[in-house]
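S.K.: Would you mind keeping the following structure in view while I ask a few things?
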Amino acid sequence: MPADNQQQWRRYAIYPRPLAGVSSVDLSMDIFGHRIDLPVHAAASAAHGLWHPHGEVETARGVRAVGSILALSHGSTRSPAQVAPHSGPYLQQLYLPQERDVALPFITEVTGLGAIGLILTIDQIPVPFEQPFRLAGQAGAVVPHWQAYPPGTLPASSFSAADITWLTGHSELPVIVKGIMHPDDARVALDAGAGAIVVSNHGGRQFPGAATPSEVLSSVAAAVNGRVPVYVDSGICGADDVVRALCLGADAVFLGRPIVRALAAGGANAVTTLLTELRDQVASLLALAGVGNLADCGPEMLLARSGGSVQ
Ligand SMILES: Cc1cc2nc3c(=O)[nH]c(=O)nc-3n(C[C@H](O)[C@H](O)[C@H](O)COP(=O)(O)O)c2cc1C
């Protein structure tokens, strides 16, 4: 995991407030009208078939068992039709093709399958959509493969407000724009109709030298000013990082690599265990920090160490 993303979260210490008398913490939250039990969710990540024979079906089971929500990658190795019965309400991530209308049957399909939001990823120039997933180190081995778009479809090579407007105009689902890292881009996304944003540098995989989410989260959240939910990912490893993110303005966090590692290590049970432990640890930390629910988390709970600032 890129060190920058992790280190920058740790620039913030959390004030213990044990005299606040908080004995129970409510971690439940709403995502587009659906009640979710904790503010920690599974980020869209491709090719779970590389790590488990049941691929995203296994991840979905593990995530659902703890009352969290799955963001299903456009590059999943199991199809949305295979995963949706196991995930329940889920978020569908997609990339846009160069010929935008090629995406329409996919949008219609996932809407019918129970997706409750579309995550539009804007920070990756993806590989051609028909590229099969190969098992690392095993020449020629190919994992079970499914495709959102017809073979030969070319991915979009740039994004603008017009793409968000196009998607919101062609879907009844809210559009969550993933990869926002600047307050001005947040305003552009909102003006174009975004229903939520994800502050993310793609886990540091896309853009060497990119700003990290912990550095920009509070200014992006200030620009959004409560108009839509703000989610964040990249470098979140433990319950303390989750609390930092909530205090800096996130409504919830997504985990990429930690979910994939759990899937590889122990399938659905390990994914459930990871999220259950995080849930319990976040609840303990918030109680010790003196707050009993997510809405009361704020920057006053943080102490900026050298190089950090709390707005
Ligand atoms: C193996 C892997 C595959 C990923 N595939 C996708 C993808 O298909 N679509 C997408 O929007 N993001 C993808 N991501 C990025 C994640 O959604 C997320 O932004 C990132 O992993 C968060 O950082 P973290 O891994 O430090 O938690 C992927 C990440 C990983 C590690």
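S.K.: Failed condition for G290, given (1) within 16 Å of the ligand (Cβ to nearest atom); (2) outside any helix (DSSP H, G or I); (3) among the small types (G, A, S), with all others met?
M.R.: Here G290 clears every test but (1).
S.K.: For the stretch 66-89, enumerate the residues that are out of contact with any Lys or Arg (no Cβ under 7 Å at 6 or more places or on another chain), outside any loop (DSSP other than H, G, I, E, B) and farther than 19 Å from V242 by Cβ.
M.R.: L72, P80, A81, Q82, V83, A84, P85
S.K.: Those residues that are within 19 Å of I31 (Cβ to Cβ), among the polar types (S, T, N, Q) and either surrounded by fewer than 16 Cβ atoms within 10 Å (Cβ to Cβ) or touching a helix residue (DSSP H, G or I) at 6+ places or on another chain (Cβ under 9 Å) (or both), I need them from the stretch 148-182; list them, please.
M.R.: S171
S.K.: State which residue pairs qualify: first residue outside any helix (DSSP H, G or I) and inside the stretch 2-21, second residue of a type in the set (G, A, S) and within 16 Å of the ligand (Cβ to nearest atom) in any location, beta carbons under 6 Å apart, and separation of 6 or more residues or different chains.
M.R.: These pairs meet every condition: P2/G204.
S.K.: Any idea how many residues of the stretch 250-275 are out of contact with any Lys or Arg (no Cβ under 9 Å at 6 or more places or on another chain), away from the ligand (no atom under 15 Å from the Cβ) and closer than 20 Å to R35 by Cα?
M.R.: 1
Quick note: the coordinates plus some simple rules give every number you see, no bench work behind them. Treat the numbers as computed from the prediction; the structure is a model and nothing was measured. Virtual Cβ from ideal backbone geometry, glycine too; neighbours counted across all protein chains shown.
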